[in-house]
Amino acid sequence: MSLASHLDELQRKHGDIERELIDAMNHPSVDDLEIVNLKRRKLAIKDEIEKLKGSPTTH
């Protein structure tokens, strides 16, 4: 897998998790722990994207 296609796949996953997170936050029955886990997964993907782009992540 080329770097560009890997980055595209990571960006797609990041967007998917973002949509899933928005849906979860709009449903009161969703457990807070699930929301935290989604946020962690999203951040981990973002960090990997930044690492692959060669830019340090900023927090």
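Sorted largest first, the principal axis extents computed over the alpha-carbon atoms of region 3-53 equal 39, 14, 9 Å.
Given +1 on the Cβ of Lys and Arg, -1 on the Cβ of Asp and Glu, and no further charges, what dipole in debye does the chain carry about its Cα centre, rounded to the nearest 20? Kindly include the intermediate steps, with their values, before the conclusion.
Numbers: 10 positive and 12 negative charges, 50 e Å.
Rounded to the nearest 20 debye, it is 240 debye.
Annotation: aspartates and glutamates with alpha-carbon distance below 15 angstrom to K51 (same-chain offsets under eight excluded): D8, E9.
Charges on Cβ only, +1 for Lys and Arg, -1 for Asp and Glu, centred on the Cα centroid of the chain; of I22, L7, G54, which one is farthest towards the dipole's positive end? Sorting the options by dipole projection puts first G54.
Among L33, L21, L43, the largest mean-square fluctuation in a Gaussian network model of the chain (Cα springs under 10 Å) belongs to L33.
Bridgeable aspartates and glutamates around K13 (alpha carbons under 20 Å apart, same-chain partners fewer than 8 residues away excluded): D23, E34, D47, E48, E50.
In the chain, the longest principal axis of the Cα atoms and the axis of helix 3-25 are about 10 degrees apart.
Any read-out appearing in this document is the output of simple, stated calculations on the displayed coordinates, not a laboratory observation. Please read all numbers here as calculations on a predicted model, not as lab measurements. Cβ atoms come from the backbone with ideal geometry, glycine included; neighbour counts cover every protein chain shown.
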